[in-house]
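This report refers to the structure that appears directly beneath it.
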Amino acid sequence: MEQTLSDEFLTTILRRTKRIAVVGVSMNPVRPSYYVARYLGLKGYTVLPVNPGHAGERLFGQRVHAALSEIEGGVDMVDIFRRSEHVPPIVDEALACFANLQTIWMQIGVTSPEAAERARARGVDVVMNRCPKIEYQRLFGELRMGGFATGVISSKL
């Protein structure tokens, strides 16, 4: 099931979000979950890492949580870096733990239509099979032709 999401919808999500729980974050700097979480932190989001295998360790200045239920103060978004078959219980836990949750975001290759429907029924926005880092770069002018962030400001195409 392919989602059709407007740029306005994605921009609204990225602008309103302040606290992001990243489920399945890796401690390995070459893993996508690590560098996406790091990037989001550098963009001013508070990133709360969730990985039971590294619970109690520190990543990006935050304690790694074993589960969403350990996070105090709520989150605006849950970003899921787990295989699709693991998504339903994560979404159920997020809905149970965070009364003011605004967004469930499933990374590239991750989908769960049934979990998405449960979240939407609670008024939570859902994004599947996309990356917030890529969408942020695309929507806020950090990507150039070919998808590369060159770091060079130029008037040439």
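The values are calculated or read from the model by the stated rules, or taken from the named source; none is laboratory data. For clarity, every value in this text was computed on a predicted model and none was experimentally measured. FYI the Cβ positions are ideal-geometry reconstructions off the backbone, even for glycines, and counts take in every protein chain you see.
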Inset, instruction - Look at L10 and say whether it is surrounded by fewer than 21 Cβ atoms within 10 Å (Cβ to Cβ), in contact (Cβ under 8 Å) with a residue 60 or more places away in the chain, hydrophobic (A, V, I, L, M, F, W, C) and under 18 Å from T103 (Cβ atoms). - result: yes
Legend entry - Residue match in segment 114-124 (condition: free of Cβ contacts under 8 Å to residues at least 24 places away in the same chain and not in a helix (DSSP H, G or I)): yes
Inset, instruction - Among the numbered conditions (1) surrounded by 14 or more Cβ atoms within 10 Å (Cβ to Cβ); (2) in a helix (DSSP H, G or I); (3) charged (D, E, K, R), tell me where R82 comes up short. - result: (2)
Inset, instruction - Of the numbered conditions (1) polar (S, T, N, Q); (2) within 18 Å of the chain's Cα centre (by Cα); (3) at pLDDT below 95, S84 fails exactly one; give the number of that condition. - result: (3)
Inset, instruction - For residues that are in contact with a Gly (Cβ under 8 Å, 6 or more places away or on another chain) and either of a type in the set (D, E) or surrounded by fewer than 21 Cβ atoms within 10 Å (Cβ to Cβ) (or both), tally how many sit in segment 98-118. - result: 2
Inset, instruction - Report yes if some residue within segment 93-103 is under 17 Å from C131 (Cα atoms), outside any loop (DSSP other than H, G, I, E, B) and touching a helix residue (DSSP H, G or I) at 6+ places or on another chain (Cβ under 7 Å); otherwise report no. - result: yes
Inset, instruction - Determine whether segment 62-75 contains at least one residue that is closer than 25 Å to D7 by Cα, modelled with pLDDT of 95 or more, among the aliphatic types (A, V, I, L, M) and within 16 Å of the chain's Cα centre (by Cα). - result: yes
Inset, instruction - Give the number of residues within segment 61-79 that are crowded, with 21+ Cβ neighbours inside 10 Å and touching a residue at least 60 places away in the same chain (Cβ under 8 Å). - result: 1
Inset, instruction - Starting from residues that are in contact with a helix residue (DSSP H, G or I) (Cβ under 8 Å, 6 or more places away or on another chain) and part of a strand (DSSP E or B), keep the ones in segment 15-52 and report whichever is surrounded by the most Cβ atoms within 10 Å (Cβ to Cβ). - result: V22
